[in-house]
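Contents: one structure, followed by commentary.
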Amino acid sequence: MKRLLPLLLILPLAGFRPAPLPPPMPQDGPVRVALVDRDRGTELRSYPAAGQRWVAGERGHRYAVRLYNDSPRRVLVVLSVDGVNAISGEDADPSQTGYVLNPGQRADITGWRKTQDEVAQFVFSSPSGSYASRTGRPDNVGVVGVAVFEEARRWYPRPQPILRDRAGPAPEAAEASAAADASASRIEGYSAKSQAPALGTGHGARESSSVRDTDFERATRSPAQVLQLRYDSARNLRARGILLDSPSRLDRQPQAFPNRYVPDPPAR
């Protein structure tokens, strides 16, 4: 029997999609993911290495997880930051609550969800200063991931809501978990040969970010798509042999609307 859970829907204000810069990395599935340096106002370029995609962050800078729903249907995105569900604060699992994106919607998730109207900003921090480490969960610092679910066809009979089965994961979920564990083992083995992680995601200042509840019936119990981005300092990425483009080499064009709001002028 399919599961029907209350989830969170991003308001339509977040649905406008200016052309991304730099071009997004190729990804198979309905959703694309990028990290945005909010202090620089730029989408961070990702680089391939050892079967992963890597992004260079800068300590102290605020960032957002940018989600693109390229499909013609609503999707549910369960967002994990450093192994923690960005809405509930639980150890992340695909079965948990997430964000629902409308067809063609772009949304920037800017922080840890505190209420329906507020988040604590995502900030690149030291690993020890990350929210995950401060809550006793340092093992997965340095990775952002999404599990994407497609919506069940609405003309099917809608089943009654059921409580989550606490006895254990579904076979599909167990297989997905085993694959994720194997992938994590490969990643950890690679990282052990490299620099220790230099960045984590801190629990920053509060800011306004409004969502509302909605219902979403998942078409399947296992995700239709799973993506992850690894992030670290530019120095550590170079130590892993990743050749980074300098900001001056990125193909950046002038933008008529680079910011959302009017800042205060400098003090005289």
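Structural remarks
- Summarising the amide proton neighbourhood of Leu199: residues at separation of 5 or more, or on other chains, whose placed amide H is nearer than 5 Å comprise Ser233.
- Percent breakdown of C-alpha pair distances by 10 Å bin, ordered from the shortest bin, for region 62-147: 18, 50, 27, 5, 0
- Largest to smallest accessible area among Arg134, Arg235 [probe 1.4 Å]: Arg235, Arg134
- Computed over protein heavy atoms with a 1.4 Å probe, the accessible surface of region 99-146 works out to 36 Å² per residue.
The values are calculated or read from the model by the stated rules, or taken from the named source; none is laboratory data. As the structure is a prediction and not an experimental result, all values here were calculated from the model. The protein model used for the area step is the full one, side chains on, heavy atoms only, and it has no ligands, DNA or RNA in it. Shrake-Rupley method; radii C 1.70, N 1.55, O 1.52, S 1.80 Å.
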